[in-house]
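Scroll down for the structure; my scribbles are underneath it.
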Amino acid sequence: MPALPPKTCNHPGCRQLVYDGSGLCALHKRPARYKLDYRKPAYQRGYDAEWRKVRRLKLRMNPLCERCGKIATVVHHKQEVADRPDLRLDIGNLESLCFGCHEIHHNRKKGSMLERIKIKKNDA
């Protein structure tokens with residue numbers, strides 16, 4: 001079988017030639033074992049049909065983020081399910097949050113120092 005003609009890497013701004021047909025050069029390819037999430041599947045962590053019902057109920061009760069007032073898209077457990085599985089479906093242990101506030105709470109998004117202080121005050 002004839003070799004594929006080389007093409008430039010699909011990564012924006014990269015001009016490396018790619019010979020294997022993958023579309024990305026060695027610099028921009030992810031390793032085969034690279035995975036974004038090593039956790040168990042959601043259903044094994046307690047996020048089942050019962051959870052989805054409680055989540056919908058909480059978002060109906062509190063459709064706005066309880067921290068900033070934007071539209072809430074995430075229901076957050078105040079006490080983690082891993083620590084308190086008995087409170088997994090307790091409405092009192094849940095908080096409606098927008099995606100941004102939830103990411104800041106878990107330190108997955110760099111927010112301003114004022115936002116971080118506001119979140120710490122709410123947790124106290």
*Residue satisfying all of: in region 73-95; touching a helix residue (DSSP H, G or I) at 6+ places or on another chain (Cβ under 6 Å) and in a loop (DSSP other than H, G, I, E, B); farthest from R45 (Cα to Cα) among these*: T73
*All but one of (1) of a type in the set (S, T, Y); (2) buried (at least 17 other Cβ atoms within 10 Å of the Cβ); (3) part of a loop (DSSP other than H, G, I, E, B) hold for Y47; which doesn't?*
(2)
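Report whether or not K109 is modelled with pLDDT under 95, basic (K, R) and in a helix (DSSP H, G or I).
On the way: modelled with pLDDT under 95: yes; basic (K, R): yes; in a helix (DSSP H, G or I): no.
Judged against the criteria, K109 is not a match.
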*H76 is checked against (1) of a type outside the set (F, W, Y); (2) closer than 18 Å to D48 by Cα; (3) surrounded by fewer than 16 Cβ atoms within 10 Å (Cβ to Cβ); (4) modelled with pLDDT of 90 or more and fails just one. What number does that condition carry?*
(3)
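Do you know which residues across region 46-58 are closer than 15 Å to N93 by Cβ and within 20 Å of the chain's Cα centre (by Cα)? Talk me through it step by step, then tell me what you get.
The initial filter retains those residues of region 46-58 that are closer than 15 Å to N93 by Cβ, namely 46-47, 50-51, 54-55, 57-58.
Within region 46-58, G46, Y47, W51, V54, R55, K58 meet the criteria.
The values are calculated or read from the model by the stated rules, or taken from the named source; none is laboratory data. Just so you know, these numbers come straight off a predicted model, no measurement behind them. A quick note on method: Cβ atoms are made from the backbone with ideal geometry, for glycine too, and the neighbour counts reach across all protein chains shown.
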